[in-house]
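Take a look at the structure set out below.
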Amino acid sequence: FMLTQPHSVSESLGKTVTISCTRSSGNIASNYVQWYQQRPGSAPTTLIYEDDQRPSGISDRFSGSIDSSSNSASLIISGLKTEDEADYYCQCYDGPNNVVVFGGGTKLTVL
Amino acid sequence: EVHLLESGGGLVQPGGSLRLSCTASGFTFSTYAMSWVRQAPGKGLEWVSRIFGGGERSYYADSVRGRFTISRDNSEDTLYLQMNGLRVEDTAVYYCAKDSTGSPHSWGQGTLVTVSS
């Protein structure tokens, strides 16, 4: 299966933005979704794991959810800051095929 | 605190070989699966390979199967990626990652591999 993300999104400082991740086949709920943030020139970091869990040290401005009706996952970032400008990737583990699937990434611009 | 440090990247000619290493600390290395993920210049993340904690099973992306071999030395807390038959399209930053429930969770800083004549 594939994971499709918008190529880019933009939103104003202090606002809330949602980044979507749509699964092409199979149920979005059948495998956990992870979200990663990658700032320019840096390694990725895990923002959300197991659909909606935050690692220790990650701000509660970041949240994740899944929606079976649209077969998609969402990353919601509230109270946007300039430091949130980065690339964001969703990811699922395809257990039956033992492969890790990444979305193509979304570039977030904070206006 | 989990710490992962990759090494071994560099410039290699097409058809050549390179071995990447990833030294781990801050967790019980042998109890976690580990992955390699790469990122070509200006492109997104691409999963490369994964190995179980005991080294008993490993999996590969179609793009590298038959050319790359993942392995680990649990006595040295080190993960490896042997890359043979390198192609220009293998040029990328290679990250090692500690897995959680099948997915990369903690990441290293990466090592750059450039395949060029």
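Read-outs: derived from the displayed coordinates by stated rules, not from any lab. Just so it is clear, the structure is predicted and the values come from calculations on it, not from any experiment. Every residue, glycine as well, gets a Cβ built from its backbone with ideal geometry; the counts of neighbours run over all protein chains shown.
Things worth noting here:
- Net charge dipole, region A:16-93: roughly 60 debye, given to the nearest 20, about the Cα centre with Cβ charges of +1 for Lys and Arg and -1 for Asp and Glu.
- Within chain B, antiparallel bridges make up roughly 95 percent of the DSSP beta bridges whose residues both belong there.
- Filtered trypsin sites (Lys or Arg not before Pro), region B:2-60: DSSP coil and at most 16 other beta carbons within 10 Å: B:LYS43, B:ARG57
- Chain A shape via C-alpha gyration tensor axes, a/c threshold 1.5: prolate
- Of every Cα-Cα pair in chain B, the percent that sits beyond 23 Å: 21
- Estimated FRET transfer efficiency when R0 is 35 angstrom, pair B:ASP62-A:GLU85 (beta carbons, to 0.05): 0.60
- Each principal axis of the protein assembly as shown carries a Cα extent, and these read 48, 36, 35 Å when sorted largest first.
- For region B:12-28, Karplus couplings with θ = phi - 60° (6.51, -1.76, 1.60), whole Hz, Gly/Pro x: 9, 7, x, x, x, 10, 7, 10, 8, 10, 9, 8, 10, 7, x, 7, 7
- Applying 1/(1 + (r/R0)^6) with R0 = 25 Å to the Cβ-Cβ distance of A:ASN97 and A:THR4 gives a FRET efficiency near 0.85.
- What you get for region B:19-84, charging only the Cβ of Lys and Arg (+1) and of Asp and Glu (-1), is a dipole of about 260 debye around the Cα centre.
- The loop-placed trypsin sites (Lys or Arg not before Pro) in region A:18-98, going by DSSP, that have at most 12 neighbouring Cβ atoms within 10 Å of their Cβ come out as A:LYS81.
- Each Lys and Arg contributes +1 and each Asp and Glu -1, all at the Cβ; summed about the Cα centre of chain B, the dipole is approximately 280 debye.
- Charge context of B:ALA40, other residues only, Cβ under 9 angstrom, K/R +1, D/E -1: -1
- Sites matching GluC sites (Glu not before Pro) across region A:47-104 that sit in DSSP coil, with at most 15 neighbouring C-beta atoms within 10 Å: A:GLU50, A:GLU85
- The mean number of Cβ atoms from other chains found within 10 Å of a Cβ in peptide B:35-43 is 2, as a whole number.
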